[in-house]
1. Considering just Cα atoms, how many Å³ per residue does the convex hull of the range 69-221 enclose?
2. Among 82-94, 180-192, what's the highest-first ranking by average C-beta atoms within 10 angstrom per residue?
3. R0 = 30 Å: FRET efficiency of residue 25 with residue 196, Cβ-based, nearest 0.05?
4. Working only with C-alpha atoms, what are the Rg and Dmax values of the range 86-141, expressed in angstrom?
5. If you line up the Cα atoms of the range 129-176 on their principal axes, what length do they span on each, largest first, in Å?
6. Using Cα-only point scatterers and the Debye equation, what is log10 of I(q)/I(0) for the range 1-144 at each q in 0.15 Å⁻¹, rounded to two decimals?
7. For the chain, what is the charge dipole size about the Cα centre, in debye to the nearest 20, if Lys and Arg each add +1 at the Cβ and Asp and Glu each add -1 at the Cβ?
8. Counting other beta carbons within 10 Å of each residue's own, what order do 73, 242 fall into, fewest first?
Amino acid sequence: MNRDRSGKIVQACRYSPVELAVDLDALQRRYAGMQRQPVGTSVMGKRLESLRIGSGPKYVFVNAAFHASEWVTSLLLMMYAEELMERQASGDAAISELTVWLMPMVNPDGVELSLNGVAPEHPYGRQLLEWNEGSTDFSAWKANIRGVDLNDQFPACWELEKQRRGKAGPGPRDYPGDNPLSEPESRAVAALTERESFDMVAALHTQGEEIYWNYRGLEPPESEAIAERLSCASGYAAIALTDSDAGYKDWFIQKFRRPGFTIEAGLGENPLPLEQWPDMYGKVRSLLDELLRSARTS
């Protein structure tokens, strides 16, 4: 993937809520076809930003950064958002067949924590240090600011997932909360999904270069074939998961019986090094292009 992003608004960097807000402002000024809509607020009061591109009959939703340490997925999705807006502005007819919703940063409080740590005046500072076993290094933190894993929050065999995780309380990862959808961030994603009734969804995560496409046999027949096309486009492996519940993709498939995918970008240990972005973006771009093609033709 070409590293040169001269003339682009979205630049490769440690991508925090600050960079997201600045880039959304700039994209809104440049592209009249972009519609920006907050879909809620985080625990700490940050806007949960979404953007809508196009107004076609097929509705697709892609989100990123459910997990704090996976903040690079926000960067990748914003790079793709800018590219979609460029295509729309140049008259790409394919965009007119779609309504594409993007939520670049589901967990802004967690991303900020993972990137910047805890400031002395942080309202959750004492608890966060306790949950992080006294360490001031939050770079591997996955949860939201209340120590809840947002991708274990959805009402799809949530009780089984809670039992499987075996976490007694809040922490850096894997605590599903006291109840499904207890957190404002997961509630906002669920509410948007129910309101828009998407035809197809994908959640960007890291890492592993894998595509998860099934859920307890409830997925529609076309899901596996779409996953194989996504695999061919990206080089990622299409994987049928077992013993995994309560994720966003799981809930979407269970509720709507439509294709939903979890995309694990990149290789290594989270947080992935920013230097990987050209390879990651090249593959994610190809995968998302195929996702949109599949949505148009399904």
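1. Output value, Cα hull per residue: 150 Å³.
2. Going from most to least packed, we get 180-192, 82-94.
3. Given R0 = 30 Å and the Cβ-Cβ separation, E is 0.80.
4. Reported Rg and Dmax, both Å: 19.3, 54.
5. Dimensions of the range 129-176 along the principal axes of its Cα atoms: 34, 16, 14 Å.
6. For the range 1-144 at q = 0.15 Å⁻¹, log10 I(q)/I(0) is -0.77.
7. My answer is approximately 680 debye.
8. Ordered from fewest to most neighbouring Cβ atoms within 10 Å, 73, 242 come out as 242, 73.
We did not get these values from a lab; they are worked out from the coordinates using the rules stated. Fair warning: this is a prediction, and the values are worked out from it, not measured in the lab. Note: ideal-geometry Cβ built from the backbone for every residue, glycine included; neighbour counts use all protein chains shown.
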